[in-house]
Amino acid sequence: IPLPLWVLEEIDRDPDLVYSDRFGRRNVEYLSLGCDMLPVLWGRSPVQAYADFMRNFRDTFRPFFGLVITGIQVGMGPAGELRYPSCPTQKLTWAWRSRELGEFQCYDKYMLASLNACAREIGIPEWGNGGPIGAANLMQDPELTEFFRSDDGSWNTSYGTFFLEWYSGMLLLHGERICREAETIFRGTEASTSVKLAGMHWHYRTKSHPSELTAGYFNTSTRDGYLPIVRMLAKYGFTLCCSCFELQDVEERKMNAVSSPESLLRQLLSAARVCDIPLEGETSAARLDSQSLQQVVRMSKYYSSGLEKPSFSFNFVRMDKNMFEFHNWVHFTRFVRQMSDANAFRAKLEVDAMPDTRRSPTSLSDVAKFGMASAYC
């Protein structure tokens, strides 16, 4: 979903309203969080404009809350995820994306002003002139870079810690600002609110986790970068949404030996359990093969196992005509029954949104009575 036309017109007047990397390449998927609280949109700040939009949405659709509208996912970055656009969203679907390091998005004048102020505050102004030197190219082996390499990379120095704490801290502050507004606006509407985190798993088995660092998650082999975010969500009563439930290490490592979607997801699920917040799972793609669906069941049990009342919902992304081919429909209905038996989550299958399924020998009522899978476009 692109930014509104009137916002894009403001970006034409002031290109620094959007993120920029060290090469000057700008990303118009989302406004730079460096101007969150500045009156850059016709006298309003981006946070004020977003709050006005949410408030108008609430007032317009108030009769539907609690019945038709039961959940609201609050977008906080590109593709709705709380992250920096370190890698353009369209690239994340490309086959070679498994080696993407990403670029730090801190070169617009608003982000640079914040970084410069923080560097001056600690008495080292030279640290505030831009992002890390030696972060190399997007597709380079991180072990060949000055900043990301495991043993003596500058990510693990005083400078690296300063920069990454500032960079991830700005993202966390942005999330808190939006959560605070959304919690106030949707309070009492009987609709849950959720925030989605990105599954940047392609360098998880390295020490520095470069693709996570550039996305704004200060998560390394020695630091948990997700727990502070989940604690923030718990503070405002938000649900954590995360994807990658169907991805398996054995398959991903065929493309990238240091990838580990399972380990990343387990870390997120553990943080949700520790903070006692509801979880909303998703698949990262429309995978209907039995192996992928069984992986979803396994990872769902990792979250719910041992919890007396696990609060877990699941969105199956996404419903299309392929779902209703005989072998896919058999796999899907078996998957629904398994999730139901696990008492892992609750959701519903929207029958009205589905195409003609008369050719399928498995009835919709068989699925609906288990009431355990949410499929949507």
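Loop-located GluC sites (Glu not before Pro) in region 222-322 (DSSP state other than H, G, I, E, B) with a sparse environment of at most 13 neighbouring Cβ atoms within 10 Å: GLU308. Using the rule -39500 (n - 2.57) for each DSSP H run of four or more residues, divided by the residues of the chain, the 222 nm mean residue ellipticity is -11500 deg cm²/dmol. For region 107-191, GluC sites (Glu not before Pro) meeting the loop criterion (DSSP other than H, G, I, E, B) and having at most 14 other Cβ atoms within 10 Å: GLU146, GLU190. Report in % the part of the accessible area of the chain that belongs to carbon and sulfur, leaving out ligands and nucleic acids; probe 1.4 Å. Answer for the chain is 52 percent, counting heavy atoms of protein chains only.
Here the translational diffusion coefficient of region 5-284 follows from Stokes-Einstein with Rh set to the Kirkwood radius across Cα pairs; for 4 °C and 1.567 mPa s it amounts to 66 µm²/s. Region 28-59 and region 284-331 have Cα centres separated by 35 Å.
Give the shape of region 1-96 as rounded, prolate or oblate, defined through the alpha-carbon gyration tensor: a ≥ b ≥ c are the square roots of its eigenvalues, a/c under 1.5 means rounded, and otherwise the shape is prolate if a/b is larger than b/c and oblate if not.
oblate
Each Cα pair under 8 Å and six or more residues apart adds its separation to the average, and for the chain the resulting relative contact order is 13 percent. Accessible surface calculations at 1.4 Å, restricted to protein heavy atoms, place region 5-284 at 42 Å² per residue.
The values are calculated or read from the model by the stated rules, or taken from the named source; none is laboratory data. Because the structure is a prediction, the values reported are computed rather than measured. With ideal geometry, Cβ positions are generated from the backbone for all residues, glycine too; neighbour counts draw on all protein chains shown. Keep in mind that these areas ignore ligands, DNA and RNA; they rest on the heavy atoms of the full protein, side chains included. Shrake-Rupley method; radii C 1.70, N 1.55, O 1.52, S 1.80 Å.
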